[in-house]
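One structure is given below, encoded as structure tokens.
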Amino acid sequence: MLTAIIVLAAAGLALALVSALATQIGAVLIQRAFPPRGRMIDVAGARLHVVELGPRDAAGPPVVMLHGASSNLCAMQPLGDRIAKTRRVILIDRPGHGWSTRERAEDSTPAIQGRMIVEALGKIGVSRAIVVAHSWAGALGLRIALDFPDRVAGLVLLAPVAYPWKGGAGRYNDVISTPLIGPLLAHTITLPLGYLVANSGARGVFAPQPMPDDFISDSATSLLLRPREFIANAHDLVTLKAAVVEQAPRYAEIRAPVIVISGDVDKTVTTGIHSRPLAATAPNAKLILLPGVGHMVQYAAPDLVASEIEAMAGKLVQPAATADKTVPANL
């Protein structure tokens, strides 16, 4: 019996070591396949990867694009490329994601990340911007507007998280954000398992729309499977609910114009919990509901999203009064 236990323990240790080695090799290969596209900006507690597009001297405020969870700036680049034809566009890997790093995985809240992003924007000469934010970053964009109102000319929120929801952020994220156990799993089994489920997971986020054929490679989704980013992403998700509980009572303070664009069948960030109440609370908000659309609204309706950003930018060059309204969109 003792011999059998020793053999099993040795086999388990050998498997863990092999998995850890495979993870390290895999992480190196992923980074070679998806190198950074922009420059690095050092801020307090982080080093942020920033990609700039479009003419720097374009009229009106620049457009800053922030990606959601389990993602990086590449997921926003197709939309950014459209806007960059006429506007200065700044894509940012959120702290801990893509090629951005952060000193502590626990620096996961919209308040902390918002401070880091505003500092980075200041270092590249952006004092005021239109913030376009998707999903998790919806809470981030809202927090920036609350904490730095003079820095936000307008908000365009795509399927945003804004309020607390029933349940948590998923058992696996809870485990990964746990000390000792989480890093052990992240450095052994997360990458090989992630390769098996990445495609199906992404398809689920796009549903009911089909996922673009090259989305996994074009969006550099595999970067998420690196241990340090997977751990950071888990912390972002498990701390988000408490963060929106704290900031949601302040949304009526937001004076910048807000456009909320959401799909009415979004099963990732439910419109009835987030977008509808937000549009009813923020004083200068407009809600656009996309019938039959899921979570990835910038891919399902890119022309509409781009036109709303352009319209907001145009009004900010020549300010005009904004009225609250809900617009059912016809695709």
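The values are calculated or read from the model by the stated rules, or taken from the named source; none is laboratory data. Everything numeric in this text was worked out from a predicted model, so none of it was measured. Positions of Cβ are generated from backbone atoms using ideal geometry, with glycine treated the same way; all protein chains shown enter the neighbour counts.
Looking at Gly141, Gly194, Gly154, Gly114, can you tell me which residue is modelled with pLDDT of 95 or more and in contact with a Phe, Trp or Tyr (Cβ under 9 Å, 6 or more places away or on another chain)?
Values: Gly141 fails: in contact with a Phe, Trp or Tyr (Cβ under 9 Å, 6 or more places away or on another chain); Gly194 fails: modelled with pLDDT of 95 or more; Gly154 fails: in contact with a Phe, Trp or Tyr (Cβ under 9 Å, 6 or more places away or on another chain).
Answer to the selection: Gly114.
Return yes or no: is Ser127 hydroxyl-bearing (Ser, Thr, Tyr), modelled with pLDDT of 95 or more and either in a helix (DSSP H, G or I) or within 21 Å of Glu229 (Cα to Cα) (or both)?
It is false that Ser127 is hydroxyl-bearing (Ser, Thr, Tyr), modelled with pLDDT of 95 or more and either in a helix (DSSP H, G or I) or within 21 Å of Glu229 (Cα to Cα) (or both).
Among the residues of segment 305-331 satisfying the criterion of being under 22 Å from Pro277 (Cβ atoms) and modelled with pLDDT of 90 or more, which is surrounded by the fewest Cβ atoms within 10 Å (Cβ to Cβ)?
Filtering segment 305-331 for residues that are under 22 Å from Pro277 (Cβ atoms) and modelled with pLDDT of 90 or more, the one surrounded by the fewest Cβ atoms within 10 Å (Cβ to Cβ) comes out as Glu308.
Val269 is checked against (1) touching a residue at least 40 places away in the same chain (Cβ under 8 Å); (2) surrounded by fewer than 17 Cβ atoms within 10 Å (Cβ to Cβ); (3) part of a loop (DSSP other than H, G, I, E, B) and fails just one. What number does that condition carry?
So Val269 meets the others, but not (2).
Given Arg255, Arg228, which one is surrounded by fewer than 22 Cβ atoms within 10 Å (Cβ to Cβ) and part of a helix (DSSP H, G or I)?
Just a single option satisfies the conditions, and that option is Arg228.
Which count do you get for residues in segment 16-55 that are in contact with a His (Cβ under 7 Å, 6 or more places away or on another chain) and closer than 21 Å to Leu91 by Cβ?
3
Answer yes or no: is there a residue in segment 272-280 that is at pLDDT 95 or above, of a type in the set (Ser, Thr, Tyr) and in contact with a strand residue (DSSP E or B) (Cβ under 6 Å, 6 or more places away or on another chain).
yes
Considering only segment 93-117, state which residues are under 12 Å from Ala232 (Cα atoms) and more than 14 Å from the chain's Cα centre (by Cα).
Listed by number, the residues that qualify are Thr101, Arg102, Glu103, Arg104, Ala105, Glu106, Asp107.
Conditions (1) touching a Gly at 6+ places or on another chain (Cβ under 8 Å); (2) crowded, with 16+ Cβ neighbours inside 10 Å; (3) within 23 Å of Glu310 (Cβ to Cβ), marked per residue:
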| residue | (1), (2), (3) |
| --- | --- |
| Ala139 | no, yes, no |
| Leu142 | no, yes, yes |
| Leu158 | yes, yes, yes |
| Tyr163 | no, yes, no |
| Val175 | yes, no, no |
| Pro179 | no, no, no |
| Leu185 | no, yes, no |
| Pro192 | yes, no, no |
